């Protein structure tokens, strides 16, 4: 007897999730799968195999986003199967657009196994369950459905982050992003080709978007809530800070003759950390994550430190006030050390509201499942924030133990993950039946583009 | 008519020096020839070709030091030409030991073209001139003569610095140094083999040592002196400082929940810079030259900063007081940030006196040339400091414009370089005639070994 296990069951989900966590696994239960590494390729290959063996058609676009597509709407019902101008090489003969659901499979260096991967695997299972439900009920959906693994959400190897979804959403230029290089000088284009994910497929056209992710904060855990639904994203911006001193000998050069870039840079790092003190507790978060010293030799006084500072707040005015304060302090540090410090604003991401109709949709789905839900904001950037520029998007969270993320001890329970899959399945079912698509032209979710937001900051 | 230019003339020296400065030349008149790079190989190949075409025999030892040897003492005069146990493959059939003169051809990243290279090229020309003078006068010297290019004086790629001469002098273990790796994980042994300088020759046995180098300071220029002679080296030590925080998300993690390694590290950098304020002006120099952040991603709060601090003073007590103060301050920083900071002493180099007989020898040579000389100390480490542990050594300086070094704008005039070659030739002539060899067992220059010095510091 050939026993066939249910491919969309809870146990199949947990098996899949915990299997993927072994790819690029680190010593302390984390993963290291930076974008376009061999570990990222292995995870992508796993998704392709799983999707194809479950009846999905896999497409890879030019920036390396992967789409596992389910054509739920018969071609005939949406128009002719031979529409002139249909994308070459696309199997999509239907004009019905797609509900996209997903997240990202790449990780930070020594990152957690939940961040992103949970959302993609949850989406694969939610899509399979929706397909099964439609087959059982005989219902005809309004839209097709695809699960997406967005390229380079993390931005650890290639900056800026949220790259693949931002290109898809039209916020970033494709060619510009393909030319971005990592610290070793390898471009995105080269790295995509190196792991055979330099795709040529036309991506499915999105009508709505949904994503589920770990919270990466403590609110749901503290309030014992099952699910969070995101009302808006924080305003964020980065500062590119280039400290230009003069290289000299650590032994032979008198202290008075030095222009030590690292000493000045240390003062900048402290200014960035301490600027939060000018505002209410936790109203602003700030940090320097990237910080490279040149020439980085034990007996050479550093000539240059290049760093990236990150400022985030729910209130755009707070970020701008902090940024102005930092620019003044940095100018003062440069003067005191008689060196040059160049500061540039970049990667400005405006505060954005998700459509209230999507928030309500998630709340209804959660209520139907007998679970609890809370509205909140996201401090972190997500692919959903980029997608919300293009189509109405729903963003949901499951609880994070201790609120930690981007580290190996990131954790979410199996039970919470399974609750999230149920809720995402329910929301996805509503979306393929046409929900949320009609708020497409609403003003609530159509905000300024990144470029507009960038120009609105006084440099 | 076959016109043959004088191979040891001033113009030949300048031609050679300025040719070598083109190897690994940088945009702003510096050089980038870190140890065992292709540029280092090119410079080594130049030295081999020059030496062999001028009658030197070139040997390369196991740590990659290059010796261009002149056998000035006939084998017969120093014993049998068939001494049992003579090194295989060595042309040295004479038991007469060698006067060694030289410096190093490797550079710092974006370093100057004078540091080290001047000393090796000056030594090649001084040796050739001594050989010619001996041939003309018919004098029979006491010792043979070899010019040395020491491996990895700079230590920018492989730490510790002054590696080749320290192995030769017995201060560092050969096997331990061959196993040292650069930041990319390449070992010294692998890098030597990669450029075909993994030698097997027995190096010449030294009896005395002389070196000329740029001052890398302002004293000679300020006092309009032609030559400096070094009486002693500064006491130096390094601190290996490992700041261990916790990786987290720059956006999603509350400021209160962070253990940011870079913020704590910035305070350590400032403590190292400011500790000089506890002493008289310029009595201590201190710096952090190497400083590596992990994971170094723009949106991750750093988990680790590994840095190397460098402390130097003429007075060992000042270095130890500064070090004790820093350890106290660093412990306080670790407590305040609730993170771990490990601090270890390493690369301790004791204050060492050069033999006064050598200082006087240099002074006489300078007087004979009608030049001016001044005694001084060296704050920088040099191969001569290592060699002075093994044999009596003479260390001389030529002026540095503006006192700058380890950077592209390092500069010394042609005139000053030529004066230095004349003085080195004169000193070398005295050494091959037997001067200084008899102070070999004196106590003045026999100090504690590095290992002994290391153990004498209370950790």
Rounded tilt (10° steps) of B:356-368 against the dominant C-alpha axis of chain B: 60
Inter-copy label distances at residue B:360 (7 Å, Cα→Cβ; nm, one decimal): 10.2
Residue A:335 paired with residue B:27, simple spin-label distance in nm, labels 7 Å along Cα-to-beta-carbon: 3.0
Alpha-carbon centroids, the stretch B:116-172 and the stretch B:1-78: separation in whole Å: 11
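I'd like the projected area of the stretch A:235-349, averaged over all directions, using the convex hull of its alpha carbons. Report it in nm² with one decimal.
On the way: hull surface 27.5 nm².
It is 6.9 nm².
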Viscosity 1.306 mPa s, 10 °C: Kirkwood-radius Stokes-Einstein D of the protein assembly as shown over Cα pairs, µm²/s: 51
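Counting only DSSP beta bridges with both residues in the protein assembly as shown, tell me the antiparallel percent, nearest 5.
Numbers: 94 of 138 bridges.
The antiparallel fraction comes to roughly 70 percent.
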Quotient of C-alpha Rg and 2.2 N^0.38 Å, computed over the stretch B:223-286: 1.86
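If you take the beta carbon distance between residue B:414 and residue A:222 as r and set R0 to 51 Å, what does 1/(1 + (r/R0)^6) give as a FRET efficiency, to the nearest 0.05? Don't skip to the end; give the middle numbers.
Numbers: r = 74 Å, r/R0 = 1.44.
In this case the efficiency is close to 0.10.
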Whole-number percent relative contact order across chain B, with pairs defined as alpha carbons under 8 Å at least 6 apart: 21
Per-copy distances of the residue A:200 label point, shortest first, in nm (7 angstrom along Cα→Cβ): 5.4
Chain A, rotation onto B, residue closest to that axis via Cβ, with its distance in Å: A:266, 2
Label point at residue B:374 placed 7 Å out along Cα→Cβ; residues across the stretch A:238-259 whose backbone nitrogen lies under 18 Å: A:252-257
Taking N as its residue count, the alpha carbon Rg of the stretch A:122-240 over 2.2 N^0.38 Å: 1.34
Tilt relative to chain B, helix B:117-137 - C-alpha long axis, 0 to 90 degrees, to 10: 10
Theoretical gain in end-to-end length, residue B:11 to residue B:278 [0.36 nm per residue, Cα-Cα removed]: 91.2 nm
Helix A:261-274 axis, angle to chain A major axis (alpha carbon atoms, nearest 10°): 50
For chain A, calculated [θ]222 nm from helices alone, where every DSSP H run of n ≥ 4 adds -39500 (n - 2.57): -10000 deg cm²/dmol
Burial ordering of A:330, B:195, B:227, fewest other beta-carbon atoms within 10 Å first: B:195, A:330, B:227
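Below 8 Å, C-alpha to C-alpha, sequence gap of six or more: please give me the relative contact order for the stretch A:235-349 in percent.
On the way: 232 pairs, mean separation 50.5, N = 115.
For the stretch A:235-349, the relative contact order is 44 percent.
Could you quote the convex hull projected area for chain A, Cα atoms only and averaged over all directions, in nm²?
Working: hull surface 97.5 nm².
Computing the convex hull of the Cα atoms and averaging its projections yields 24.4 nm².
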7 Å along Cα→Cβ, label-point gaps from residue B:327 to other copies, nm, shortest first: 4.6
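A short reminder: the numbers here are calculations on the coordinates, not readings from a lab. This one's a predicted model, so the numbers in the text were calculated from it and none came from an experiment. Backbone-built Cβ (ideal geometry, glycine too); neighbour counts: all protein chains shown.
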